[in-house]
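The values are calculated or read from the model by the stated rules, or taken from the named source; none is laboratory data. A quick note: this is a predicted structure, and the numbers were derived from the prediction, not measured. Note that we place each Cβ from the backbone using ideal geometry, even for glycine, and neighbour counts take in every protein chain shown. Please note that ligands, DNA and RNA were not included when accessible areas were found on the heavy atoms of the full protein model with its side chains. Shrake-Rupley method; radii C 1.70, N 1.55, O 1.52, S 1.80 Å.
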Amino acid sequence: MKTVIYPGSFDPLTNGHLDVIQRAARLFDKVVVAVARNGGKQPLFSPVERKTLIEHSTTELTNVSSDIFEGLLVEYVEQQSGHAVIRGLRALSDFEYEFQMALMNRKLNEKVETLFMMPRASYSFLSSQLVKEIATLGGDVSAFVTPEVREALAGKLGQAGAN
Ligand code: ADP
């Protein structure tokens, strides 16, 4: 039983993330999409909201689940009896940070391998940040996120606009 952990902010999940999740689900017995509770960023969605959106967007992938974690990723991977960590690589600009993180995680725990997956080329420009910016400006994000995420964005930004 091979379990892989896909960690990130997922604020919110995009079709790029989903593409990586689908690829990982074909290769591993179990994929845990792990929402990081900590991290320096000011998120739009709470960890529970992000986890719920991932769950509602992956109902057809029976070997995919979502969870929230905090603290060191390598410790979480061990707790989950994970065999590897998946990260997505969109472009060369992701590489330096991801390379540093992967080697640091290896330093912290030799047993945790990091695997990189590339999304479909048409998703290689997609980021949660860009999706939030487009949605904030009233643009149509339906090509970039699932219907569940689109509705959640509309709800959040509608609420924010009402304040
Ligand atoms: P973080 O805040 O840790 O960068 P994200 O939620 O933005 O987390 O992304 C989690 C992982 O998914 C990272 O490895 C990131 O490079 C990858 N990722 C983000 N967007 C895409 C995309 N469009 N295609 C493929 N991978 C992606």
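Things worth noting here:
- Some residue of segment 27-37 being open to solvent by 50 Å² or more (accessible area, probe 1.4 Å) and modelled with pLDDT under 95: yes
Quick grid of which residues meet (1) touching a His at 6+ places or on another chain (Cβ under 9 Å); (2) part of a loop (DSSP other than H, G, I, E, B); (3) of a type in the set (Lys, Arg):
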residue	(1), (2), (3)
Glu78	no, no, no
Gly82	no, yes, no
Ser93	no, no, no
Glu98	no, no, no
Met104	no, no, no
Gly139	no, yes, no
Glu148	yes, no, no
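- Among the candidates Ile54, Ile86, Ile5, Ile68, residue that is in contact with a strand residue (DSSP E or B) (Cβ under 7 Å, 6 or more places away or on another chain), surrounded by fewer than 16 Cβ atoms within 10 Å (Cβ to Cβ) and within 23 Å of Gln129 (Cα to Cα): Ile68
- Qualifying positions in segment 106-135 - assigned to a loop (DSSP other than H, G, I, E, B), within 15 Å of the chain's Cα centre (by Cα) and crowded, with 19+ Cβ neighbours inside 10 Å: Pro119, Leu126
- Test: residue in segment 59-69 that is out of contact with any His (no Cβ under 9 Å at 6 or more places or on another chain), away from the ligand (no atom under 14 Å from the Cβ), among the hydroxyl-bearing types (Ser, Thr, Tyr) and over 30 Å from Leu157 (Cβ atoms): yes
- Taking residues in segment 73-97 that are over 9 Å from Ile5 (Cα atoms) and near the ligand (Cβ under 10 Å from one of its atoms), and partners anywhere that are open to solvent by 50 Å² or more (accessible area, probe 1.4 Å) and assigned to a helix (DSSP H, G or I), the pairs with Cβ atoms closer than 7 Å and at least 6 places apart or on different chains are Leu89/Phe95.
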